[in-house]
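The structure under discussion appears below in the form of structure tokens.
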Amino acid sequence: PELHKPAFEARLDKLEEELLSEETARTQPGRLCRRLAELIFLAIVVPEQGEESLSRSALIDKVQMLLASLRTSEKEAVNRVIQNLRQRAASMQLIATALISTLRARGQKVIAQVQQNSCQHFICVKRGIVEWTRLKGAEPGVRDLLVGPQQSAREQIEWFKHIEICDRPDTPNLLFSVQVTTEILEHDLMTNGEPQQIKAQRLLPQQLLQICWVPYCAQKQNDGWIYKVAPNTVEAKGWVLPASIHIEYEPRTLTRKQNKKQAEESKQYHAAAVCAFAVLVYCSLWCTIKRLKQFEDRVPEFTALMLRLQETSRPNDENSGDSYVYAAAQTIEAMLAQDVRIRMQGLALENLTKQNNSYVKLGVFDALSSAFPIALDTPTPPVVAK
């Protein structure tokens, strides 16, 4: 409305401005492709006055001719298509008028027909979902009242077995049901034709910077202190590159100590120590990365992978030193991401000593490899049928 033009003409002005601009082609190639796709779509679907309906073969020929014209003369062809679309503004006005009239006259019927694409189901919850013996003797505030597994299995949710999705709420041993109405707003994607093979490969950089967080511990021996790497760290030696940056930390020094006599003062000292630790590590890594970037004429652009080794899985105890190491590493990763491509992943050393450590290693490897882009390749250029 602010342009005092129909929406169709305002859209053509926007397409002309961006498609014929050298700056858009140089700085925003993705936006240029989108605008070109919009222009081709309008040129195909907006009819000329008096134009008869096109058959499928005639429509395909029209698209091919338009694409061939755009490939040969580029900007001149774009300008011709835009000017041709301006001459179809009257046709577009007729379409808009007919659509408005249809909605005014038969709007309720159209909406009712759309709403018919819905279905109703019932979420049926069986009585076995509740641990009734525990409920009878439960005190106020108790939450764990649902049935649980016989053995400790984190992946298995026992109460989920007592929920069914049904068309009618006539499930035996029913506790209650909830009616759910779903509306189909999209279409299903189905295979059509022969499957096509697609190859995928990670694009690895020529240069890689590895940053390892290595846990250390101090032990008293023979009237003295020995500072050495944590016992299980040797299990991760295959993950560390010969040339890498090591951040040595001792979880004990970051653990919040319980001092009832000086509780507030102890919290302040601990907060200062954690902040100082994070700032010191960040400044050291930032200076190192900045120094490496000074040699970009000789060293190609690199990707940084941050591997955080810790003795145990991330605990829920807010007093644990590993919790603060985890928080510091997350913050440092977010800050360094402003200067270099970086990806961090943690690895609990205790998990490497278990029998199913192959799944742990595979998960860590997949997480770290996600820092690199994926290239897709097909035997022939993919073709989408119009």
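Just a few scattered comments:
- Selection status of ASP322, under 14 Å from VAL214 (Cβ atoms) and among the acidic types (Asp, Glu): yes
- Being part of a strand (DSSP E or B) and within 30 Å of the chain's Cα centre (by Cα) is not true of ILE226.
- When every residue of the stretch 179-188 is checked against the conditions, at least one turns out to be part of a strand (DSSP E or B), hydroxyl-bearing (Ser, Thr, Tyr) and at pLDDT below 80.
- Among the residues of the stretch 360-372, just one is of a type outside the set (A, V, I, L, M) and surrounded by fewer than 11 Cβ atoms within 10 Å (Cβ to Cβ), namely ASP366.
- Qualifying position, being modelled with pLDDT under 80, assigned to a helix (DSSP H, G or I) and either among the charged types (D, E, K, R) or under 37 Å from the mean Cα position of the chain (by Cα) (or both), among ARG80, ARG106, ARG71: ARG106
- Test result for LEU285, touching a residue at least 40 places away in the same chain (Cβ under 8 Å), surrounded by 13 or more Cβ atoms within 10 Å (Cβ to Cβ) and not aromatic (Phe, Trp, Tyr): yes
- The residues listed here are GLU48, GLU16, GLU22, GLU76; of these, the one that is farther than 24 Å from VAL383 by Cβ, out of contact with any helix residue (DSSP H, G or I) (no Cβ under 6 Å at 6 or more places or on another chain), touching a residue at least 24 places away in the same chain (Cβ under 8 Å) and not aliphatic (A, V, I, L, M) is GLU48.
- Residues of the stretch 229-239 satisfying the condition of being surrounded by 15 or more Cβ atoms within 10 Å (Cβ to Cβ) and not in a helix (DSSP H, G or I): ALA230
- Among the residues of the stretch 268-282, those that are under 15 Å from GLY321 (Cβ atoms) and surrounded by 11 or more Cβ atoms within 10 Å (Cβ to Cβ) comprise TYR269, HIS270, ALA271, ALA273, VAL274, CYS275, PHE277, ALA278, VAL281.
The values are calculated or read from the model by the stated rules, or taken from the named source; none is laboratory data. Keep in mind it's a predicted model, so treat the numbers as computed, not measured. Quick reminder, even Gly has a Cβ in these numbers, built from the backbone with ideal geometry, and neighbours come from all protein chains shown.
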